[in-house]
Amino acid sequence: MNEHRELPLVVIVGPTASGKTSLAIEIAEKCGGEIICADSRTVYKGLDIGTAKPTKQDRLRVPHWGLDLVEPGDYFSAADFKTYANNKIKEIRSRGNIPFIVGGTGLYVDSVIFDYKFGNRANNDKREKLNELTLEQLHEYCKNNNIDLPENEKNKRYVIRSIERNGLDISKRDLLIENTIIIGLSIDKLLLRLRIEKRAEQLFDDGVVNEAKELGKKYGWNSEALKGNIYPLVHSYLLGDITEAEMKAKNLILDWRLAKRQMTWLRRNKFIKWLLIDEAKIYLLNQLAKRS
């Protein structure tokens, strides 16, 4: 790469199970890249199988960042991610490598590429009033006030943060930050469903039930990180409230809903170039070759 030109930031987005990670690893390995995972679930330590973190083999092929940053129970905001990611982008470029941001948490990605400025901390009085509401009432509040639910919509704290964010003074750029290449993975709905089903089976084959059981013992089932994703379902299964078949079926429904919410968020970004995975591979390699 030309040392006198700043290396580009590559951003790969798309719904869960669309193939973002495998594509990013392949391109980053070929082009000298390092990956920053933009996922609000994989920031938690210990939540490995249930959040489908990149494998040890993947991490040996390409350096990965943004994983295992905080303990379950700790809160990690989009503002925290932006600070972390910007520091990592500088570090990666300083090593002569290309930074890749890869993930499905739209707010995390947008906080970086549109340079969000987070202002006006949450009002404590309003937070107390929101805390008094049930989860169902909070969902109704979001619906009535046109507020998007977070990916972890069953986590009351996250729903409250979404409501608070809606009232915060968040300024952002109208254009992407300079020198950014952003692509979104297009995928047929039927194929996406099949990939989600396959990955769900893999979670159980890899031992997600045992992982959840150990996490529940260590951190308690009321830990923030264990209130989302597959973990509450595993808890219900371990308590005998649902069968194994029901747990698996409900997990598929949750993953499909997550994919739809991710697409709803991403479609707002007019700068994303939507491509099939093979097209995306060719496009990214061409773009990076032009900037070498």
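Values in this text are rule-based calculations from the coordinates and carry no lab data. For clarity, every value in this text was computed on a predicted model and none was experimentally measured. Neighbour counts are summed over all protein chains in view; Cβ atoms, including those assigned to glycine, are modelled from backbone coordinates with ideal geometry.
Details
- If the segment from L133 to K281 were pulled out straight at 0.36 nm per residue, it would be longer than the present Cα-Cα gap by 48.6 nm.
- Phi to ³J(HN,Hα) by Karplus 6.51 cos²θ - 1.76 cosθ + 1.60 over the range 40-49, Hz, x for Gly, Pro: 5, 9, 7, 5, 8, 5, x, 8, 9, 6
- Taking D115, D48 and counting other C-beta atoms within 10 Å, the order from fewest to most: D115, D48
- Look at R195, R157 and count the other Cβ atoms within 10 Å of each Cβ; fewest to most, that gives R157, R195.
- Rounded to the nearest 20, the Cβ-based charge dipole of the chain about its Cα centre (Lys and Arg +1, Asp and Glu -1) stands at 620 debye.
- Calculated mean residue ellipticity, 222 nm, the chain: -16000 deg cm²/dmol, from DSSP H runs (n ≥ 4) at -39500 (n - 2.57) each, averaged per residue and rounded to 500.
- Under a Gaussian network description of the chain, with springs only between Cα atoms under 10 Å, the residue in L107, L275, L258 that fluctuates furthest is L275.
- Among V159, I177, I196 - extreme Cα towards positive end, dipole of the range 158-197, charges at beta-carbon: I196
- Where labels lie 7 Å past Cα in the beta-carbon direction, separation of E246 and K217 in nm: 2.5 nm
- Kirkwood Rh, Cα atoms: Rg over Rh of the range 190-258: 0.97
- Protection proxy ranking for 220-229, 184-193, using the average of other Cβ atoms within 10 Å per residue and placing the highest first: 220-229, 184-193.
- In order along the range 78-87, the phi-based Karplus estimate (6.51 cos²θ - 1.76 cosθ + 1.60, θ = phi - 60°) of 3J(HN,Hα) comes to 4, 5, 4, 5, 4, 4, 4, 5, 4, 5 Hz; Gly and Pro are listed as x.
- The simple Förster model, with R0 at 22 Å and r as the Cβ-Cβ distance, assigns K154 and L191 a FRET efficiency of 0.20.
- Legend: ranking of residues E178, E201 from fewest to most surrounding C-beta atoms inside 10 Å; resulting order E178, E201.
- Integer Hz, Karplus 6.51/-1.76/1.60 couplings in order for the range 8-25, x for Gly and Pro: x, 9, 9, 10, 10, 10, x, x, 4, 6, 7, x, 4, 5, 5, 5, 4, 5
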